[in-house]
Amino acid sequence: MPKQPLVSIIIPTFNRAHIIGETLDSIIEQTYPNWECIVVDDGSTDHTDQLLANYCEQDSRIQYHHRPKNRLKGGNTCRNYGYELSKGELINWFDSDDLYLPDALKTISSAFETGTDVVISPMARFDGETKHYLGVNTIEKAPLIPAYLVGEVAFYTDGPTWKRRFLAQQDLLFDEGLPIIQDWDFNLRMLYQHPNITFLKKAQINYRVHNQSLQKQLSKLDLMLIAEDFKTRFKHLDLLAQHYPEGVPVLKQFILERRKHFVKLAYMRQDDSRFVLAKDLVDSQKVRRDYIGVIKTFLGMWSYKCFGRGYWFFR
């Protein structure tokens, strides 16, 4: 591999004109010069066009494209399309509101050795409004796949920088049919292929946490989002059966606990979604023949109705 391989940074964006400039500035300020930045617009209606025109004029390494109209709307389509346009030997998909540290690309590219398929960096999380530091995500734990399944480990989209050679061997990159937990799905499918991983010790990226983050949206108990969340996780039960069978019971238990979490949250708030979520939990417990669990769920529902509490039954 060349001493300074071309790094392709691929950024999907939608109505982020107010914030993507910070991201692009962090790329332009890199001490590592050999990069290309491919921004793919998913149909923005703000002034992203004008802003990106200015950046493209300022630095020829920045490209601005629009998602083809004949392709499905969504961030994953933009990520795949950006990859198709890219020329780099190293690929980093990046979010349009996150920030590189100045030496990030230099540090990441130098960590690649012969046979390395991916270099994964931790990310320093910060509150998008207050700018307060929120800690660093965990990227390494053994065994890795079970830890990733249950959220003990997370790479997000930005953390991994991939060797193109490895990506070119995959049948599917980002699943364009998924509206949420897209990075969870993608990273797990790549892990199933046993990549040779190098983990960095220090964060090279600042990851912005904001009010529109998925976990905050799920906490609002949007039934459609919750259904999509479970749909994607059930998809991985089939994939695990093929690639990592010992992960199947781990994910099944995680899905059950996640159902309990949403039911408990809905009853605590007396949200209208509580009946649908409780029914889904009971149905899943019946499938597992967990009849004690069914009884506990009904007792929890009764306890909340009569006394306004019943946390214990959803443990």
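On the basis of the beta-carbon distance and an R0 of 35 Å, Ile28 and Lys73 show a calculated FRET efficiency of 0.75. Membrane-span-like helices in the chain, defined here as complete DSSP H runs extending at least 18 Å along the helix axis by their C-alpha atoms with mean Kyte-Doolittle hydropathy no lower than 0.5, are 291-307; this is a sequence and geometry rule, not a statement about a membrane.
Taking other C-beta atoms within 10 Å as the exposure proxy, Ser109, Ser60, Ser121 rank Ser60, Ser109, Ser121 from fewest upward.
Other residues lying with their Cβ under 14 Å from the Cβ of Arg71 contribute a combined charge of -1, Lys and Arg counting +1, Asp and Glu -1.
Just how far, in whole angstrom, is region 278-300 from region 1-67 if you go by their alpha carbon centroids? Between the Cα centres of region 1-67 and region 278-300 lies a distance of 49 Å. Normalising by the residue count of the chain, find the relative contact order in percent from Cα pairs under 8 Å and 6+ residues apart. Contact order relative to length: 16 percent.
Per-residue Cβ neighbour counts within 10 Å put Glu89, Glu246 in the sequence Glu246, Glu89, beginning with the fewest. Note on the chain: with charges restricted to the Cβ of Lys and Arg (+1) and Asp and Glu (-1), its dipole about the Cα centre is near 1540 debye. Extension gain, Val209-Asn15: 0.36 nm per intervening residue step, less the Cα-Cα distance, totals 68.1 nm.
Which residues in region 177-191 place their backbone N less than 20 Å from a point set 7 Å from the Cα of Phe166 along the Cα-to-Cβ direction? Label zone hits: 182-191. With Cα atoms defining each centre, region 159-203 and region 79-97 are spaced 12 Å apart in the structure.
Distance between the pseudo-spin-label points of Cys56 and Leu239 (7 Å out from Cα toward the beta carbon): 3.3 nm. Here the alpha carbons of the chain define both size measures, Rg and Dmax, at 21.3, 69 Å. Here the simple spin-label model places points 7 Å from the Cα toward Cβ, and for Lys252 and Asp46 these points are separated by 4.5 nm. Which is farthest toward the positive dipole end of the chain among Leu105, Ala203, Ser44, measuring Cα position about the Cα centre, with Cβ charges +1 (Lys, Arg) and -1 (Asp, Glu)? About the Cα centre, the residue reaching furthest to the positive side is Ala203. Taking Cα centre as origin and charging only the Cβ of basic (Lys, Arg, +1) and acidic (Asp, Glu, -1) residues, the dipole magnitude of region 217-314 rounds to 320 debye. The largest-to-smallest principal axis extents of the Cα set in region 217-314 are 46, 31, 17 Å. Geometric descriptor of region 1-103, per residue, is 89 Å³ (volume of the convex hull of the Cα atoms). Between Asp175 and Trp302, the contour length at 0.36 nm per residue exceeds the Cα-Cα span by 41.6 nm. From the square roots a ≥ b ≥ c of the eigenvalues of the alpha-carbon gyration tensor of region 134-248, which class results: rounded (a/c under 1.5), prolate (a/b over b/c), or oblate? In terms of gyration-tensor shape, oblate. Peptides 283-291, 269-277 ranked from most to least packed give 269-277, 283-291, packing being the mean of other C-beta atoms within 10 angstrom over each peptide's residues.
Over the chain, DSSP H runs of length four or greater, each weighted -39,500 (n - 2.57), average out per residue to a 222 nm ellipticity of -13500 deg cm²/dmol. Taking the inverse of the mean 1/r over every pair of distinct Cα atoms in region 42-159 gives a Kirkwood hydrodynamic radius of 17.1 Å.
Bear in mind these aren't lab numbers, they're just calculated from the coordinates by the rules spelled out. Fair warning: this is a prediction, and the values are worked out from it, not measured in the lab. Neighbour counts run over all protein chains shown; Cβ positions are idealised from the backbone, glycine included.
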